[in-house]
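What follows is one structure encoded as structure tokens, with my remarks underneath.
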Amino acid sequence: MWQGGVGNLLANTGAVAQVVLGILLVFSVFSWAIILSKWKLMRRARAQSARFLRAFRKAARLQDVAAVAEQFKPSPLVAVFESAFDELRRIGGSNPRGVVAVQRAAQIGSSEELTRLERRLPWLATTGAVTPFIGLFGTVWGIIDAFQGLGTAGAATLRAVAPGISEALITTAAGLATAIPAVIAYNQFQQMIREFGARMDDFSLEFLNIIERGSTQSGAGAD
């Protein structure tokens, strides 16, 4: 068994260790599914945000931006723009008294987008925090079994106890292999989300500046 490698060790683990490894496998599969989908989402959102900003700054009127905003939909800036623009139309164009209302609408849109971007990230945080301890539980249980078997056999040698301990340590390795990618991905995604939050704040200010300057006269009006 010892010479048979990791495959034989996995095949000969006890019932508790197999349950632990099964739980870790579930955590790992879900975590990697979230990591891959979220990475694709963030990459598209970043690329589309850059394209949307270029279109926004080149447009002569806000209506022109609204007409093409749908094609940049993966960008969180689009939701901020649509929330602010809808509020601007409801209050009647570039009414200075409505700037605060437009600002609140932009903040609501930004908050909703941050919530969308953060969706399912708690699973990664939970995976990074919990799975090392799940693996450690399997290790402790396996070591207990190994020493119980050693006591039953009555052979106090390293050769007698090493296979059982090696089997037990597999759960620790599995727990770390599950947790480390989840922690790294969680931190990376949180950094990206903070960047998107800053971009949305800057975009909201840029939108408000257009309104306060008198957008109709500047050629980028809402009318």
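Read the figures in this text as sums done on the coordinates, not as results from a lab. All values derive from a computational prediction rather than experimental measurement. Every residue, glycine as well, gets a Cβ built from its backbone with ideal geometry; the counts of neighbours run over all protein chains shown.
Quick rundown of the values:
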| item | result |
| --- | --- |
| Options 83, 49, 75; residue that is over 18 Å from residue 208 (Cβ atoms) and crowded, with 22+ Cβ neighbours inside 10 Å | 75 |
| Unmet requirement for residue 55, which otherwise passes all of (1) more than 30 Å from residue 182 (Cβ to Cβ); (2) buried (at least 16 other Cβ atoms within 10 Å of the Cβ); (3) of a type in the set (A, V, I, L, M, F, W, C) | (2) |
| Residue tally, condition surrounded by 18 or more Cβ atoms within 10 Å (Cβ to Cβ), within 22 Å of the chain's Cα centre (by Cα) and of a type in the set (S, T, N, Q), over the range 172-208 | 1 |
